[in-house]
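S.K.: Got a structure here, written out as structure tokens. Questions coming.
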Amino acid sequence: MHTSTLISLPKPVTTQTARVSAVDELTINWHVTEACNYRCQYCYAKWKDYPNPRELFHDHGHTRDLLIELFRYFHPANSSNPLRNELSWKALRLNLAGGEPSILGERLLEIAQVAREVGFQLSIISNGSRLTRSMIKELAPHLTCLGISLDSSDPKTNMEIGRALKNGKLLDLQELKANVHLARKINPLLTVKLNTVVNLLNVGEDLSSLIQEIRPQRWKILRMLPIVDASLAISDGEFAAFVQRHRAFQSVQCVEDNRDMSESYLMIDPFGRFFQNHPSLAEGYLYSDPILSVGAHAAFSKMAFNSASFQSRYTGELGGTQ
Ligand code: SF4
């Protein structure tokens, strides 16, 4: 799963008395599908205990209802939301993630349309494999941020990680660069973000040329999260060395170690439940009841949040939002 995105945020305004930080936008990550055309060994886009046999996006009515409920509950003016004790925000962004959201094809474009109608700002995080020119042309005008997950520029490493189609086809980096260029041309205000998951197979690599060519406004460097599989996990020192090797890109880097990811994202699974990761959850995630069954408030009240991590994410210490 290529975790989510950010646009540059203003410096937070913190009031001493209430200790509520103010930011421009709050991001809700909806992992629309578990399906993906890649097979990354470290992938943690695996959800359990399905409340329904089908993922929610298949149902147009439920999709719209979910987005309306989320927009209502996380609307900046809804002071009954407990998150307001930690943060205030001016706008809401829906980040479409997966699995691989672009494999939904036309349906993804419909969901993007509905999200915009409901009132969300919109972003996507994708492995890039299905972001064709025609999809970019339709999506780019709706997006504030386009996120691409890229772990390596070495075909052998990408193959070993599992970042390839079943037939062995790898991401064409020239095509990706052309599509990113096109997206920027269509939407000059677009933020382009790269996500790199540092793991045992790419930890020694130098990605500087790739970063220089794509020129992301944000580069999120995530330490592989050993939730589903720990076989590619790396040490503190290895992770630090990767970050240090790329210090020339410090101004766009957003570095997330495992503890930074804990209880600090707002995440919805493909079945319309909030879910959370935590380092102690060796067996996977914690889930709320389905939001459409109990309402966002009741579902959200089951979720624990690490308010320090959460605030940091949104106020810049972790490089802003997802
Ligand atoms: S691209 Fe890799 S990490 Fe992302 S959802 Fe697909 S298999 Fe998982």
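S.K.: Which members of region 30-66 meet the condition of being in contact with a Leu (Cβ under 7 Å, 6 or more places away or on another chain) and within 13 Å of G272 (Cβ to Cβ)?
M.R.: Of everything in region 30-66, those that are in contact with a Leu (Cβ under 7 Å, 6 or more places away or on another chain) and within 13 Å of G272 (Cβ to Cβ) turn out to be W30, V32, T33, L56, F57, H62, T63, D65, L66.
S.K.: I would also like to ask the following. Being assigned to a loop (DSSP other than H, G, I, E, B) and modelled with pLDDT under 50 narrows it down to one residue among T3, T33; which is it?
M.R.: It is T3.
One line per residue, one yes/no per condition, for (1) at positive phi; (2) away from the ligand (no atom under 11 Å from the Cβ); (3) within 19 Å of the chain's Cα centre (by Cα):
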position: A140; (1), (2), (3): no, yes, yes
position: S149; (1), (2), (3): no, no, yes
position: D154; (1), (2), (3): no, yes, no
position: E160; (1), (2), (3): no, yes, no
position: N167; (1), (2), (3): no, yes, no
position: L170; (1), (2), (3): no, yes, no
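S.K.: Kindly evaluate A97 against the criterion of being at pLDDT 95 or above, out of contact with any Cys (no Cβ under 6 Å at 6 or more places or on another chain), within 16 Å of the ligand (Cβ to nearest atom) and open to solvent by less than 10 Å² (accessible area, probe 1.4 Å).
M.R.: Against the criterion (at pLDDT 95 or above, out of contact with any Cys (no Cβ under 6 Å at 6 or more places or on another chain), within 16 Å of the ligand (Cβ to nearest atom) and open to solvent by less than 10 Å² (accessible area, probe 1.4 Å)), A97 qualifies.
S.K.: Another one. For residues that are away from the ligand (no atom under 16 Å from the Cβ) and either closer than 20 Å to T191 by Cβ or outside any helix (DSSP H, G or I) (or both), tally how many sit in region 112-132.
M.R.: 8
S.K.: Given the residues L190, L194, L210, which is the only one that is under 21 Å from the mean Cα position of the chain (by Cα), closer than 17 Å to V243 by Cα, more than 15 Å from the ligand (Cβ to nearest atom) and among the hydrophobic types (A, V, I, L, M, F, W, C)?
M.R.: Criteria check complete, one pass: L210.
S.K.: Sticking with this structure for a sec: Read through the list (1) more than 16 Å from the ligand (Cβ to nearest atom); (2) loosely packed, with under 14 Cβ neighbours inside 10 Å; (3) under 22 Å from the mean Cα position of the chain (by Cα), then give the number of the only condition that N85 fails.
M.R.: The number of the failed condition is (3).
S.K.: Of all residues in region 43-95, how many are outside any helix (DSSP H, G or I) and touching a residue at least 60 places away in the same chain (Cβ under 8 Å)?
M.R.: Total meeting the criteria: 23.
S.K.: Do the conditions hold for M135, that is, is it within 18 Å of H181 (Cβ to Cβ), aliphatic (A, V, I, L, M) and out of contact with any Phe, Trp or Tyr (no Cβ under 6 Å at 6 or more places or on another chain)?
M.R.: Yes: the conditions hold for M135.
S.K.: Moving to a separate point now. Based on this model, can you work out whether I136 counts as within 13 Å of the ligand (Cβ to nearest atom), open to solvent by less than 30 Å² (accessible area, probe 1.4 Å), within 21 Å of the chain's Cα centre (by Cα) and not polar (S, T, N, Q)?
M.R.: Criteria not met by I136.
S.K.: Could you pull out the residue among I268, I221 that is in contact with a Ser or Thr (Cβ under 6 Å, 6 or more places away or on another chain), among the β-branched types (V, I, T), crowded, with 21+ Cβ neighbours inside 10 Å and in contact (Cβ under 8 Å) with a residue 24 or more places away in the chain?
M.R.: I221
S.K.: Still on this model: When region 148-178 is examined, which residues are found to be farther than 18 Å from V192 by Cβ, of a type in the set (S, T, N, Q) and either assigned to a helix (DSSP H, G or I) or touching a residue at least 12 places away in the same chain (Cβ under 8 Å) (or both)?
M.R.: Those that are farther than 18 Å from V192 by Cβ, of a type in the set (S, T, N, Q) and either assigned to a helix (DSSP H, G or I) or touching a residue at least 12 places away in the same chain (Cβ under 8 Å) (or both): S152, T157, N158.
S.K.: Next up: Considering only region 57-82, how many residues are of a type in the set (A, V, I, L, M) and open to solvent by 20 Å² or more (accessible area, probe 1.4 Å)?
M.R.: Of the residues in region 57-82, 2 are of a type in the set (A, V, I, L, M) and open to solvent by 20 Å² or more (accessible area, probe 1.4 Å).
S.K.: Which one of F274, F242 is out of contact with any His (no Cβ under 6 Å at 6 or more places or on another chain), modelled with pLDDT of 95 or more, over 19 Å from I161 (Cα atoms) and open to solvent by less than 10 Å² (accessible area, probe 1.4 Å)?
M.R.: F274
The values are calculated or read from the model by the stated rules, or taken from the named source; none is laboratory data. No experiment lies behind these values; they were computed from the predicted model shown. Positions of Cβ are generated from backbone atoms using ideal geometry, with glycine treated the same way; all protein chains shown enter the neighbour counts. For accessibility, only protein heavy atoms count, side chains too; no ligands or nucleic acids. Shrake-Rupley method; radii C 1.70, N 1.55, O 1.52, S 1.80 Å.
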